[in-house]
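Taking it in order: structure first as structure tokens, then the write-up.
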Amino acid sequence: MENTYLYIGESLDIMALLILMIIFVGHVYGYSGSPLLRVYTGLTLASAVYVGAGCMLYHLLRLGVDNSSPLFRFTVCMISTSYYTILVMYVRYIMEYISNHRTPISRRPFYLSLAIAIPAGIFWISMYLSGRFLAVSTLNLDGIRVLSFTSGYAVSAISVYLLIRYRRDLPVKNTLLLLCLLLFPLPASLLRALNPHLPYLQMLVTFSALILNNYINRDLYYRLQEQEKRLQEARVQLMISQIQPHFMFNVLNTIYSLCDVSVSRAQHAIDEFSQYLRVNLEVLDAPGLVPIDRELECLEHYLILEKMRYGEDLKIMYDISPCHFFLPPLTLQPIVENAVRHGIGKKPEGGTVTIRVREHPSDYRITIRDDGVGFDVNAKNLFTEEPDPDIQSRRHIGLPNTRERLRLLCQGDLKVRSRPGKGTKVTISIPKS
């Protein structure tokens, strides 16, 4: 029976050691400098040393090596040292984890765990090296063994205290998970005290480390998703801020030009501009996407201002099918502005801008078409923020921002087709969710 325990223990420890080394190497190569991950990497290394030393001990026992040999004593010392290192590193891991969810906590629990673990580890090592505690096959629970395991439980109690003390600052399921990871090896260590050959402890330590590794990876995945979402929102706000000054400049220029033509028309333009600003600010204050109806309302106020400037040279046609969907704010205005300024505005006889909205089986499509002067699509890099200086004044504004916002916020797309002398067609497609 004893040999069976030894074979089982050695086999399980080899498998556990391989798992821990894979986890350790993965964290070393993917090291990010985070204190939490740094502590976990140390915890994994201590667990690998503990399991590896346990594997060596089973192997030495199976070969019948005398327990007074230097190799045997060194192996037992490594088990004791790594055992307390695991417990102390787990205390430190919990402290770092709590600090990530609230303000940093005091280091006193960590120092207390060191004050318990270091003397206990020295005591174990001195007992082994002196040959006074080498009865590894004994089945009795003597006072020395009780004292040794009690110190380990005391360090574990610090971890339990921290999780209970700060439970209100942590998600409930995460607190329960960390408690379970701590409680898995403790019953096994008690059974190990009754029978040192039972192959439970190393495997349960590895099992706890594996679950903790999966939890860390999941937590990192959600954190990265949240960071990516915040980054996208910041980029969208930056893009909107780049569009707004250009729009304001153009509208004020329109009102300024009307002041020389007709004061009443300029006053009407100011009123329309104030209406546009009201609707526009309401849209921008609401985070995320906006309904197509609200976007068309903003666009209508803008086009009234432009028509005041161009008069009969600018004709607007709406072809809107009843449909309800959402898109990023200020999606249509920069495209229509391009059609008016760079298409119709450069055509002596003027022209027409047509805005069409249709629902298709797989997506919603918005088409903005003008019969203006058009341009050679291949001659202009439309979707870059650094256009050629020679065409800076003729640049089609807003297209890079609009296309990027469509991609980030609703997985939409924007396509441009144009022919010199024929006009331009811009198609926006927004997939159905």
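Every number here is computed from the coordinates shown, using simple stated rules; none is lab data. These figures come from a predicted structure and were not determined experimentally. For neighbour counting, all protein chains shown are included, and Cβ atoms are generated from backbone atoms with ideal geometry for every residue, glycine included.
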Among 39-46, 345-352, the order from most to least packed when residues are scored by Cβ within 10 Å on average:
39-46, 345-352
Based on the alpha-carbon gyration tensor of the stretch 260-307 and its eigenvalue square roots a ≥ b ≥ c, which shape applies: rounded if a/c is under 1.5, prolate if not and a/b is larger than b/c, or oblate?
prolate
Of Lys315/Lys346; Lys315/Lys432; Lys307/Lys415, pairs whose Cα-Cα distance is over 22 Å
Lys315/Lys432; Lys307/Lys415
Order these peptides, 358-369, 116-127, by their mean beta-carbon neighbour count within 10 angstrom, highest first.
116-127, 358-369
For the stretch 371-377, 3J(HN,Hα) per residue [Karplus equation, 6.51 cos²θ - 1.76 cosθ + 1.60, θ = phi - 60°, Hz, x = Gly/Pro]:
9, x, 6, x, 6, 8, 4
Separation of alpha-carbon centers, the stretch 100-119 and the stretch 311-354, rounded to whole Å
65
Amide hydrogen neighbours beyond the local backbone of Tyr364, cut-off 5 Å, H modeled
Ile430, Lys432
If I model a spin label as a point 7 Å beyond the Cα along the Cα-Cβ vector, how far apart are those points for Tyr153 and Ser69 in nm?
3.5
